[in-house]
Amino acid sequence: MSSKSNFIPLYRIVHFQLNGLIADLSDMEVMEYVSDGKLLTIPLVKTGDGNKPMPLIELEGDEALLRVSLTYGGLAEIKHLRNILQPSQGDVQKEFLEAIHELKTTFETRLYKRSFKGSDFVFVKKYVAAKLDLELLKMLIDESEAIGMGGRKTIDGGSVYDPPATPKLHLLFTQVKPGDAELGEALREMKRVVSCVAGIKTQREIIHTKISKPIEQANNYRGFTVLLNEARGLNLISAEERRSLDKRWRDIPDERGVIEEDLKRRLDNAKAMK
């Protein structure tokens, strides 16, 4: 791109297609996010933990060809991506895999690294993004972290020291013509994956969820026992039925809403009769 301002209409396409997922930038801010006259980095909107390391949407190229990617630009961001592998994030895992497997084969997943004294990223490997699964994703994350930490490794039977480097992971990468049609279509395909990774919880959020869930359940149970006691006090249910409803509420979570609604209906009817 010959001018930073050429990225403004491209940003607007991204903003329209990924509405709510990327930062709202003014024209001046868009130009501030352009480097070397050819790379625009767009931050995602953070939810939950304000310190969450997030990937970026990157647009790089010129008037002829535009490279579009969902990029994890360093070790902190890639370490955060590892959280998706935890069993506690099963819903995100399921949504992520479904979204990934729907992608066209034109989308790739690419790994790069930049040496401590280097100025450019060097290509390491790539895969067809639609073929990613959790095992392959874990392997990529492991390799990215190994690049970031460095250390000794065996090459051709000899021990070689590999100094720490900066990893970069294009979780999604594709190339399009820089116009509304192709860019818009690529972004629409990417949107579901972008939404998934934006929803990955940090370790702090995971711990908070584990702590808050029992508290929330206890508060819900307290509210339910108030209904039970009120219904029993008005002789709307027997002592035996009270014990039965209490046991059902605790043993069958899916029926809790039905049980509470039935109690509320009985109480409302009793109050209306007075």
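Report the FRET efficiency, 1/(1 + (r/R0)^6), for S35 and S115, where r is their Cβ-Cβ distance and R0 is 30 Å, rounded to 0.05.
Values: r = 19 Å, r/R0 = 0.65.
Approximately 0.95, to the nearest 0.05.
Which order do peptides 231-239, 91-99, 53-61, 78-86 fall in by mean Cβ count within 10 Å, highest first?
Highest mean packing first, the order is 53-61, 78-86, 91-99, 231-239.
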Label-point separation in nm, R266 to I252, each point 7 Å along Cα→Cβ: 1.5 nm
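What dipole magnitude, in Debye to the nearest 20, does the stretch 4-201 give about its Cα centre under +1 on Lys/Arg Cβ and -1 on Asp/Glu Cβ?
On the way: 26 positive and 28 negative charges, 98 e Å.
Result for the stretch 4-201 is approximately 480 debye, rounded to the nearest 20.
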Burial ranking of peptide ranges 165-175, 191-201, 9-19 (average Cβ count within 10 Å, highest at the top): 165-175, 191-201, 9-19
Acute angle (nearest 10 degrees) that the helix 256-273 long axis makes with the longest principal axis of the chain, alpha-carbon atoms: 40 degrees
Label-point gap, in nm, between T105 and E63 - each point 7 angstrom along Cα→Cβ: 3.4 nm
In sequence order, calculated HN-Hα J values of the stretch 236-245 (Karplus, 6.51, -1.76, 1.60; Hz; x Gly/Pro): 7, 9, 7, 4, 5, 5, 4, 5, 5, 5
Folded to 0 to 90 degrees: helix 203-233 orientation relative to the chain principal axis, Cα: 20 degrees
Label-point gap, in nm, between Y127 and A76 - each point 7 angstrom along Cα→Cβ: 2.7 nm
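Taking a threshold of 19 Å on the Cα-Cα distance, which of the pairs K4/K126; K46/K126; K126/K168; K125/K177; K79/K138; K131/K177 fall above it?
On the way: K4/K126 29 Å; K46/K126 28 Å; K126/K168 12 Å; K125/K177 24 Å; K79/K138 11 Å; K131/K177 25 Å.
In this structure, K4/K126; K46/K126; K125/K177; K131/K177 lie more than 19 Å apart at Cα.
Express the relative contact order of the chain as a whole percentage, based on alpha carbon pairs under 8 Å and six or more residues apart in sequence. Mind dumping the intermediate values first?
Details: 391 pairs, mean separation 52.2, N = 274.
Answer for the chain is 19 percent.
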C-alpha center-to-center spacing [the stretch 142-173, the stretch 174-194] in angstrom: 31 Å
Most positive-pole-ward Cα, L10, S119, V193, against dipole of the chain from beta carbon charges: V193
Correct option for mean projected area of the Cα convex hull in nm² [calculated from the coordinates] among (i) 14.3; (ii) 15.3; (iii) 21.7: (iii)
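Rounded to the nearest 500, what is the 222 nm mean residue ellipticity of the chain from helices alone, with -39500 (n - 2.57) per DSSP H run of 4+ residues and division by all residues? Please report the intermediate quantities before stating the final value.
Values: 9 runs with 133 residues, N = 274.
Result for the chain: -16000 deg cm²/dmol, rounded to the nearest 500.
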Whole-Hz ³J(HN,Hα) from phi, Karplus 6.51 cos²θ - 1.76 cosθ + 1.60, for the stretch 175-192, glycine and proline x: 10, 9, 6, x, x, 4, 5, 5, 5, x, 5, 4, 5, 4, 5, 6, 4, 5
Calculated Rg and Dmax of the stretch 46-88 using C-alpha coordinates, Å: 13.8, 44
Angle between the chain longest axis and helix 134-149 axis [Cα atoms, degrees, rounded to 10]: 60 degrees
Of T225, T71, T106, the one that fluctuates the most in a GNM where the chain has Cα springs shorter than 10 Å: T225
Selection from F173, H101, M273 lying farthest towards where the dipole of the chain points positive, charges on Cβ: M273
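Each value in this text was obtained by applying a stated rule to the coordinates, not by laboratory testing. Model, not experiment: these values are computed from the prediction. Quick reminder, even Gly has a Cβ in these numbers, built from the backbone with ideal geometry, and neighbours come from all protein chains shown.
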